[in-house]
Each structure stands twice: as structure tokens, then as C-alpha cells.
Amino acid sequence: MAAEVPMFQNNIKQANKLMRSAIPLMVKLDIPPTPYNYGIWYEYASNRSPKLNQVVDRALRRFGSLPAFVSQELFNEFLLPEEFQYAHRQDSTLKSLTTNLETDTTSISNELEKFNGTLRSAKAALKNANNVAQVEKLALFLEQGAFKANQAVENFSRSLLSAQEELATLRSELLDVKKNTELDAITLLANEKGFERSLFSLVPYAEDDLTLLLIDIDDLAEINQEYGKKVGTSLIRYIAKLLLGLLPENGSIARLKGGRFAMLLSETELSVASQLAEFIRNEVSIQKIRYKNTKVLLRQVTVSIGVATLFGDESPNELVERSQHYLLYAKRSGKNRIAHHE
């Protein structure tokens, strides 16, 4: 989890000084005055997070500015605990949990204070106790006080355990919510938003070894027309499962739209990625695919693949555009083939 927002840890004089440094930087680089950007550039000017500064510097070299998507990502990663990103959806649960814990904390505090009073009274009474009966009475008095205090502690322990379980469930739900916003409903792969997140997070750290494969099912529109859209949807799922099985450990895959998939390979040079693309192309072409409802054998299914490896300070959009260019070239060259920079 990231640390709490450092911006609020400074006194007013320090904060004003840092903002006077941050705002000219934002103006010079034409950074929009959004809350995300104010937070990022305030922290950047403070030089307290070398990693943030390094990522920002690299992003500026690649993009010329900070895209809104990148700004929000950096804010969430470096300045805000990730769990808060979707917390507004769980406000009622958190408020109820906080109220209950506050009540339980007050209750045990009161019980323990009573027990402290009992101990003080018993201590004073012991000074004047001069027979067994008085000592026995004091022992019973202390035993009753200890029993009540122990009950309060046990009740509070149960409340804390329950709160921990509820918070664990809440955290799991928050992670699911975040995941589902980047999940493709048909294939359960990452969707276009998930792909963008992966791409923008990898590019600042890549050193000419990030490769993108754009994989597109050939003639999907014709398959939909010939066999029906349900068959086309089933085919997309089948190809998604096949591609996932061929995905290297250093890769990620997403479905963009229609029959198009994006495979990102980190620390992978063009020659290696091209070999993988050719292997994928061949594997798809030799599949004997039957539609499970009718058992009808589909005509040969093929894919075309555009392969591009990051060049120098190339931006994510430029990498995608080059990969799209090679994909289009593969399509125009007859389909069922791969294309990349020679």
C-alpha cells in the first residue's frame, strides 16, 4: 500500500513554498491544473519520492507531457492508498463499521476504567484490613471486577475479529470492482482499459525490449454472416483460450474489440516475438474447430498479426500505431500471416 498523501504532512509555510515551485513547472510544461496534477507536481517539487520523479521525467521524455490517464495512475500509485480509489462505493459499510468500533472502544474503555477504580479502592482498603474476613471480602470484590473487565475484553476481541473479517471482505470486493472494470465480459481477459493500464505502466521502464502483438481473426464478419453471431462469439472465446495457453510468463493479453487481441511481451526483442507470432499464426491455422451446439466443423480459421517493438523514446500510442500498421499490411498481403519491421 502506498503511504498517506505526503502533501498534508508539511506545515503551511513549507506547503506554500513547494506550491510556488510546483506551479511554474506545471505552467512551463502546459500541465492542466487538475487535483491529480497538483498532487503529483507538489510531490515532484519536494523531491521526496525519487521513484516518482524518475517515472515523471521518463514519461515527459516519451510523451512530452503527462496524459490524464498517466497522471491518475501516478497519483494512485505514489500518493494515495489504492484501496481508496473505489472506497466511495463502500461508504455505508465503512461508516457502519467505524461507528460500531467506536462504540465498542468506548465501552471497553469505560469497563477498564471501572476496574482501575476497583483496584485503587482495593489497594487502599488493604492497608486497613486486619482480619481474614476483610481480606476475603476484598478478594471477592477484585474477582468480580476482574471478571467484568475480562468479559469486556473478550467482547471487544470478538468485535475486532469481526471487524477484521469485514474489512478483509471489503478489500476483496474493492479489488474485484477494480478488476471487473478492466475485464472483458466475453473472454474474461483484460479489456481495452486493462490493456492501456498495462501498456502505460510498462513503457516508462522499457528499454527497447517491449513488444506488442496485435492479433486479429481473419474474416470474422464473414464467419458471423455464414454461421451466425453466436458462433462468432464462441470462436472469439476459443481463440482467447488458445492465445492464453500460448502466452509466455513475461506477457499479458487483452481483447480489444471484435476479434482483435493485444499481447504485450516485456523484455522480448523483435526476433523472439516474431517467432512467437509465427507459432501462434500456425497454431490457429491448424485448429479443427466445431461449434459445440451444432457440431458443425467451421471452415479454416486464421489470424493476421502485426508485431512492433518499442523504439527509443517512442510513446505508447506510437507503438500501437506501428503495430496496427503492420497488422494492416499482413491483412492486405493475403491474411494468415505476420508482419513486422525488417
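None of the figures in this text is laboratory data; all of them are computed from the coordinates on show. Everything quoted here is computed from the prediction, not taken from an experiment. With ideal geometry, Cβ positions are generated from the backbone for all residues, glycine too; neighbour counts draw on all protein chains shown.
Excluding same-chain neighbours fewer than eight residues apart, the lysines reachable from residue 51 by a Cα-Cα span under 29 Å are 13, 17, 28, 178, 179, 193.
Local charge for residue 269 was computed over the other residues whose Cβ lies under 12 Å away, with Lys and Arg +1 and Asp and Glu -1, and equals -4. Computed over the chain, the convex hull of the alpha-carbon atoms projects to a mean area of 28.4 nm². Say we join alpha carbon atoms closer than 10 Å with springs in a Gaussian network model of the chain; which of 133, 68, 146 then has the biggest fluctuation? Per the Cα network of the chain with a 10 Å cutoff, 133 tops the list. The distance between label points at residue 28 and residue 155 comes to 6.2 nm (points 7 Å beyond Cα on the Cα→Cβ vector).
Under the simplified labelling scheme, the residue 269-residue 283 pair shows an inter-label distance of 2.3 nm, with each label point 7 Å from Cα along Cα→Cβ. At an R0 of 56 angstrom, the distance between the Cβ atoms of residue 166 and residue 129 translates into a FRET efficiency of 0.70. For the stretch 192-340, the percent of C-alpha pairs falling in each 10 Å distance bin, counted from 0 to the bin holding the largest distance, reads 12, 43, 32, 11, 2, 0. Its relative contact order, with pairs defined as Cα atoms under 8 Å and 6+ residues apart, puts the chain at 14 percent. Screening the chain for whole DSSP H helices with an alpha carbon extent of at least 20 angstrom along the helix axis and a mean Kyte-Doolittle hydropathy of at least 0.5 yields 229-246. Applying both filters, DSSP loop and at most 10 other Cβ atoms within 10 Å, to the GluC sites (Glu not before Pro) of the stretch 241-318 gives 249.
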